[in-house]
Structures are given as structure tokens and as C-alpha cells.
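Reviewing the structure listed below.
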Amino acid sequence: MEKDILILGIESSCDETAAAVVKNGREVLSNVISSQIDLHKLYGGVVPEIASRKHIEKINQVIEEAMEEAKVTFEDIDAIGVTYGPGLVGALLVGVAEAKAISYATGIPLVGTHHIEGHVSANYIENKELEPPFLCLIVSGGHTHLVIVKEYGKYEIIGRTRDDAAGEAFDKVARAIGLGYPGGPKIDALAKEGDGKAIAFPRAHIEGAPFDFSFSGVKSAVLNHINHCEMKGIEVNRADIAASFQEAVVDVLVSKTMAAAKEYGMTKIALAGGVASNKGLRRGMELACKKHGLSLFYPSPIYCTDNAAMIASAAYYEYKNGTRHGLDLNAIPNLKIGQRQ
């Protein structure tokens, strides 16, 4: 019988300071998150310098809490998985420095982990039956990718955004209609009160790149609609705008995912990233997968947002593949999927 492998995961790429202990890549023993959302709400978005300072204040605390909750000591830990990119460089450096310090002091192997690959791996936590290959739609504040997960840790990008990420567009539209930060959950909630067919916002299709995305056009269309209403003295129906905008984005995400699944012969679809918790997207994807006879997987909302359990899960498969990093591991804010230091 194989020995259980325990990974301590550390995540600090943006405005969540998180630590988790995960067994064999799929069983979460603890998952502690210290969020800064209320602090950054004051500024309408994440302020990198404030985020970095808060990570420094909280990181020891969340690691201690995660270890206590999992009832383990450093002697029980087989490897430390830490996000080293992509993300805010100052924020990333806090987690990387902490992980390197623990590794140096204890001799525990260090495994630098890709933040977005962590989001993909979040699907393994609750879907024990999910194994590669599968098609994954990654939708977050900074990324929108269609990726074929060929094997654990091996990815082929078949589509990406040419401009705004889906989550970024949600935040900008939310700000435009006065909802504030974070925009995604607020648009999702308000969309339930509106008519998704009320306003015909555009769906972008890119010539010669059928699986690439573009959301700057639909964002601009929302701003133009608001300006038109204000100039004409027409009441701005925020619920209809939210519902119509969300429907336009979901329509593009779902249709391109279905087309890619057909093109590449994929029968399993997974969602990953913060926007994967969007109810409109989940509902649209569920209906499409049912229609086309595909299996759909997605994490619970707690594992869609930034967390360390997903990092520990991704690090487990990297560790099993033989990945080890030295004390020269550095933060790479623009780290690409599949790229390794």
C-alpha cells in the first residue's frame, strides 16, 4: 500500500492569504483563507501594495491555523506547494519567501506551483472520478483560456482572450452600473432580477481563431448603452443590463467550449477560476452539456476563488512527477500555463 502524501499549500497571488493541507491531492484536511475583499472595496479594486503588506501580516497565522486544523506537524508534511505565478509580484514574493524559509528550516521539498493550474486542479478535490484527458474552461479576473488537460501537469492551450478576461469585464461593467467591487458576484445576483433578452449586446467571433475570446467589445457596448440612455433621459435599467451582459458573455463561453469539445473529441468538460462559480455560467454549461451528452465538472464556490487547497492539489501531481525547486525559486508575475521555472 502506497504511503499517503501530505502537501502544505500556500497561496498569496492576489488578495487572499491562504494555507491548506491536502492528502494525496484530493482529500482536504484543512483550508484556511484570510480575505482582504472588505479592505480593497474602499478603492474599487485590489491595491497591490496594501495586498502585499496584509500577506506579510497574515501568512504565519494562516499556516499555523491550517496545520492545527489538519492535526499535523512539519514532520508529517512531504512537500510544500507554493504559488509562484502568475499574480501580483509583491504578493507572490510573500508566499514564495515564506515557503522557501520553511523548506530551508525543515528540509521539506519545495514545489513551485502555477496559480491557474491550481484552479484546474480544484476540480480533483470534489470530483474524485475526474481524470485527464478533459477540456477545461478557465475563467477568472485575469484569465480566460480553453485548455486541454492531457495528463496531470500537461496542458495544451487551444483558446485565450485577446483583450479583457471575462472576470475583468464583469468588474468593469459592475463599476459602470454602480455595483462596486467585486463585480462578478454582484452582476450574477442582479441578473436574476433582469431580462437577459432586453438588450442585444454583441458576441465576438475572431476570424481564424474560433476558440479565442474577446470581451472588450461587449464591455464597450454596455458603456455606450448607458451613455445613450443618459443622453436621451431614459432610465437606466441596471437589472436588464446585468442580465443581458451576463447572457452575452455566457453565450460566448458556452458556445466556444461546446465547439472545442466537438473539434477535439472531448467528452468531459471542467470549469475553473473565480467566474466558474457564476450561476448563469453553470446553468448555461449544464444545459449545453446535457444537450450534447457531455459530463460537466466544477468545484464548489470556496474552491473557485483563490485558495490553497487547489495549490496543494496541483503541487501533489507536480511532486509525483518529480518536480522540485531550490531556494532560488522566484516569483514570476506573468507565468504562462505549462511554463516551468
Next on the checklist: Taking the criterion of being assigned by TED's automatic domain parsing to the domain that holds G196, over 22 Å from the mean Cα position of the chain (by Cα) and over 22 Å from A165 (Cα atoms), would at least one residue in the stretch 244-263 satisfy it?
Outcome noted: yes
Next on the checklist: Of the residues D171, D188, D164, D195, only one is farther than 24 Å from E263 by Cα, in contact with a Ser or Thr (Cβ under 9 Å, 6 or more places away or on another chain), charged (D, E, K, R) and touching a residue at least 60 places away in the same chain (Cβ under 8 Å); which?
Outcome noted: D188
Checklist outcome for this item: Picking from I56, I63, I50, the residue that is part of a helix (DSSP H, G or I), touching a Leu at 6+ places or on another chain (Cβ under 7 Å) and assigned by TED's automatic domain parsing to the domain that holds A315 would be I50
Next on the checklist: Among the residues in the stretch 244-254, are any at pLDDT 95 or above, surrounded by fewer than 19 Cβ atoms within 10 Å (Cβ to Cβ), part of a helix (DSSP H, G or I) and not small (G, A, S)?
Outcome noted: yes
Checklist outcome for this item: Being in contact with a Ser or Thr (Cβ under 8 Å, 6 or more places away or on another chain) and surrounded by fewer than 23 Cβ atoms within 10 Å (Cβ to Cβ) narrows L294, L329 down to just L294
Checklist entry - Got at least one residue in the stretch 20-41 being part of a helix (DSSP H, G or I), under 17 Å from the mean Cα position of the chain (by Cα) and either farther than 30 Å from E129 by Cβ or basic (K, R) (or both)? => result yes
Checklist entry - Which residue, of Y84, Y104, is surrounded by fewer than 18 Cβ atoms within 10 Å (Cβ to Cβ) and of a type in the set (S, T, Y)? => result Y104
Next on the checklist: Every residue in the stretch 68-121 that is under 19 Å from V46 (Cα atoms) and of a type in the set (A, V, I, L, M), please.
Outcome noted: L88, V89, A91, L92, L93, V94, I116
Checklist entry - Do we find a residue being within 19 Å of the chain's Cα centre (by Cα) and either surrounded by 14 or more Cβ atoms within 10 Å (Cβ to Cβ) or more than 22 Å from G273 (Cβ to Cβ) (or both) anywhere in the stretch 57-66? => result no
Next on the checklist: I need the full set of residues from the stretch 248-274 which are over 19 Å from I158 (Cα atoms) and in contact with a Ser or Thr (Cβ under 6 Å, 6 or more places away or on another chain), in order please.
Outcome noted: G274
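Results for (1) part of a helix (DSSP H, G or I); (2) within 30 Å of L92 (Cα to Cα); (3) not hydrophobic (A, V, I, L, M, F, W, C), shown as yes or no for each residue.
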residue	(1), (2), (3)
P210	no, no, yes
A221	yes, no, no
I226	yes, no, no
G284	yes, no, yes
Y303	yes, yes, yes
D306	no, yes, yes
Checklist entry - Is the stretch 227-234 home to any residue that is closer than 23 Å to T161 by Cα and either without any contact (Cβ under 8 Å) to a residue 12 or more places away in the chain or among the small types (G, A, S) (or both)? => result no
Item to check | Matching residues in the stretch 23-48 - criterion: being more than 25 Å from A314 (Cβ to Cβ) and not basic (K, R) | outcome: D38, L39, H40, L42, Y43, G44, G45, V47
Checklist outcome for this item: Only unsatisfied item for I116, checking (1) over 13 Å from the mean Cα position of the chain (by Cα); (2) within 29 Å of D328 (Cβ to Cβ), is (1)
Checklist entry - So Y181 clears everything in (1) part of a loop (DSSP other than H, G, I, E, B); (2) more than 23 Å from the chain's Cα centre (by Cα); (3) more than 30 Å from Y264 (Cα to Cα) except one condition, right? Which one? => result (2)
Checklist entry - Which one of these does M310 not meet: (1) outside any loop (DSSP other than H, G, I, E, B); (2) in contact with a His (Cβ under 8 Å, 6 or more places away or on another chain); (3) assigned by TED's automatic domain parsing to the domain that holds D163? => result (3)
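The values are calculated or read from the model by the stated rules, or taken from the named source; none is laboratory data. These numbers were taken from a predicted model, which means no experiment stands behind them. Glycine also receives a Cβ, built like all others from the backbone with ideal geometry; neighbour counts cover every protein chain displayed.
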